[in-house]
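Presented below is the structure to which this report refers.
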Amino acid sequence: MTALSGTVLLTGASGGIGQAIARALHARGAQLVLSGRRTEVLEPLGRELGARVIAADLGRREDVVALAAAAGDVDILIANAALPGSGTFMELQSLQIDTILEVNLRAPIALAHALVPGMLARGRGHVVFISSLSGKAASPAASLYNATKFGLRGFSLGVREDLHASGVSASVVLPGFISEAGMFHDSGVKLPRGVGTKTPEEVADGVVRAIEQDRAEVVVAPLGLRLGTDLAGLAPQFSARMQRRLGGDRVARQMAAAQQGALPGR
């Protein structure tokens, strides 16, 4: 198990879910290095938590390299930053595709590649990748987001095997619909009756469990959503039909429409 009293680099710390993760780790004694693009949010949070703040745009490879170097000896990396990536595949421009892949998938991989060798040299460490239930079940108007979140989940599980018995480990956390903060909340879309949500604080608790219990995978979603995504893995075609019948495709398309302004280049 990895203690939370070491140095933690958290990306995407300026978002509501990132802030909840930062506060949960601070409460457990972590020394935080907070990264994001919005310094007007990061700097007050850094003062509140006694954390270092490093501004970085993970869509720029030079910023990723500079962030890893500036963070120094990191005991825990939490790769939380992400872009929506919404819209049907053919609606996206080439630059948007490149930027979403850079932020959501390449940057977490590159940061892990840069920081894990130091963890191995010290004989301890943990990497947590924040994926999504979209990394287990596909939905309309989200093919690129699905690709990055499926990829992040696969990378995490593979890296975990590479690191077995090294003192360093990897976990993936998969939130479902999150209220109060995050992409779903910001979209303003209403869910069908009976589809539940979780809070940013519950995502933060999932991150803590992943580290303290060395969990390969932590899903942060109500039971019904967890079962639905498990079904999607076993029977994707049947699951897609059920999703359409229950209104899931409508929710996905509404979210895509609401998130158009958050896409890079829009």
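The values are calculated or read from the model by the stated rules, or taken from the named source; none is laboratory data. Keep in mind the model is a prediction, meaning the values are calculated, not measured. As a convention, Cβ positions derive from the backbone with ideal geometry for all residues, glycine included, and neighbour counts pool all protein chains shown. Heads up: the accessible areas ignore ligands, DNA and RNA and are worked out on the full protein's heavy atoms, side chains in. Shrake-Rupley method; radii C 1.70, N 1.55, O 1.52, S 1.80 Å.
Data overview
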quantity: Extension gain, GLU48 back to HIS164 (0.36 nm per residue minus Cα-Cα distance, nm); calculated: 38.1 nm
quantity: Cα-based shape type of the range 6-146, given that a ≥ b ≥ c are square roots of the gyration tensor eigenvalues and the cut on a/c is 1.5; calculated: prolate
quantity: Charged-residue dipole, Cβ positions (Lys, Arg, Asp, Glu), the chain about Cα centre, Debye nearest 20; calculated: 720 debye
quantity: Exposure of ILE21 as accessible area (Å², to 10), given a probe of 1.4 Å and all protein chains; calculated: 0 Å²
quantity: Accessible area in square angstrom per residue, the range 193-243, 1.4 angstrom probe; calculated: 54 Å²
quantity: Selected from LEU101, LEU223, LEU174 as most flexible by GNM, with the chain as the system and alpha-carbon contacts under 10 Å; calculated: LEU223
quantity: Sites ALA27 and LEU120 - FRET efficiency at Förster radius 25 Å, r taken between beta-carbons, to 0.05; calculated: 0.35
quantity: Relative contact order of the range 1-152, pairs being alpha-carbon contacts under 8 Å that are 6 or more residues apart, as %; calculated: 23 percent
quantity: Largest to smallest accessible area among ARG153, ARG60 [probe 1.4 Å]; calculated: ARG60, ARG153
quantity: THR197, THR148, THR99, reordered so the largest accessible area comes first (probe 1.4 Å); calculated: THR197, THR99, THR148
quantity: Sequence of HIS113, HIS26, HIS126 from largest to smallest accessible area, 1.4 Å probe; calculated: HIS113, HIS26, HIS126
quantity: Cα gyration tensor shape for the range 83-183, rounded if a/c is under 1.5, else prolate or oblate; calculated: prolate
quantity: Computed helical MRE - 222 nm, the chain, DSSP H runs ≥ 4 contributing -39500 (n - 2.57), nearest 500; calculated: -15500 deg cm²/dmol
